[in-house]
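Below is one structure, written out as structure tokens, with a few remarks after it.
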Amino acid sequence: MKNLSQRILVMGVSGCGKSHIGQQLADTLGSTFIDGDDYHSPANVAKMASGTPLNDDDRSEWLDTLAALFAEYRARGESLVIACSGLKKRYRDRLRQGDPALQILYLEGSRELLLERLETRAGHFFKGDTMLASQLADLEPPSEEEAFNASITLSPQVIVAQFAATLPEPSRSPR
């Protein structure tokens, strides 16, 4: 039986657990995991580290790079999970240029819980309430038709299991 590969975007604002849940999901599905933050330009990282939010122009090349990764894995018939904020619908549409059948897992949570998580996170360039406020202002939450929405009050294991259960059965087999 042919293995149906999947390309999956794990999205949400900073502090929602995209990287952690994305890695767990990739492990569960036997997929490659990529943290979109690793593909930001040095200028974008420096900008965020200084407390300045990114704008659409800053994100443009980054989104094109991630869309190209989705396209590359699609062309090879391989599964890929990318963690990326995907804040605006037009960003997600741009990512879909790499794979029109892109599956989306949206991690949502309260501002208070997100801020609490950010304040306890060490070693990450994304800092503080101003940056979170900017992302929340930019966020265009996906509809239930566009994405599987999961509350970050649930454990990562529950979120991964619930989302994986929505995928076609053959995609759960290893690459």
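The values are calculated or read from the model by the stated rules, or taken from the named source; none is laboratory data. Being a predicted model, the structure only gives us computed values, none of them experimental. Quick reminder, even Gly has a Cβ in these numbers, built from the backbone with ideal geometry, and neighbours come from all protein chains shown.
Please go through the stretch 47-98 and give me each residue that is acidic (Asp, Glu) and more than 16 Å from the chain's Cα centre (by Cα), ordered by number.
Kept after step one, since they are acidic (Asp, Glu), are these residues of the stretch 47-98: 56-58, 61, 64, 72, 78, 93.
Result: ASP56, ASP57, ASP58, GLU61, GLU72, GLU78.
Within the stretch 1-25, restricting attention to residues that are over 12 Å from the mean Cα position of the chain (by Cα) and either buried (at least 16 other Cβ atoms within 10 Å of the Cβ) or β-branched (Val, Ile, Thr) (or both), which residue is farthest from LEU102 (Cα to Cα)?
The first filter runs over the stretch 1-25 and keeps only residues over 12 Å from the mean Cα position of the chain (by Cα), leaving 1-6, 24.
If we keep only those that are either buried (at least 16 other Cβ atoms within 10 Å of the Cβ) or β-branched (Val, Ile, Thr) (or both) as well, we get 5-6, 24.
On the way: SER5: 11, GLN6: 7, GLN24: 18 Å.
Looking at residues that are over 12 Å from the mean Cα position of the chain (by Cα) and either buried (at least 16 other Cβ atoms within 10 Å of the Cβ) or β-branched (Val, Ile, Thr) (or both), I get GLN24.
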Worksheet entry | Pick from the stretch 132-175, criterion at pLDDT below 95 and under 16 Å from LEU113 (Cβ atoms), ranking: farthest from the chain's Cα centre (by Cα) | ALA133
Response to the item:
Matching residues in the stretch 37-80 (among the β-branched types (Val, Ile, Thr) and within 30 Å of ALA164 (Cα to Cα)) number 1
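Collect the residues in the stretch 16-45 that are among the small types (Gly, Ala, Ser) and either part of a loop (DSSP other than H, G, I, E, B) or in contact (Cβ under 8 Å) with a residue 60 or more places away in the chain (or both), keeping them in residue-number order.
Restricting attention to the stretch 16-45, the residues satisfying the condition of being among the small types (Gly, Ala, Ser) are 17, 19, 22, 26, 30-31, 36, 41, 43.
GLY17, SER19, GLY22, GLY30, SER31, SER41, listed by residue number.
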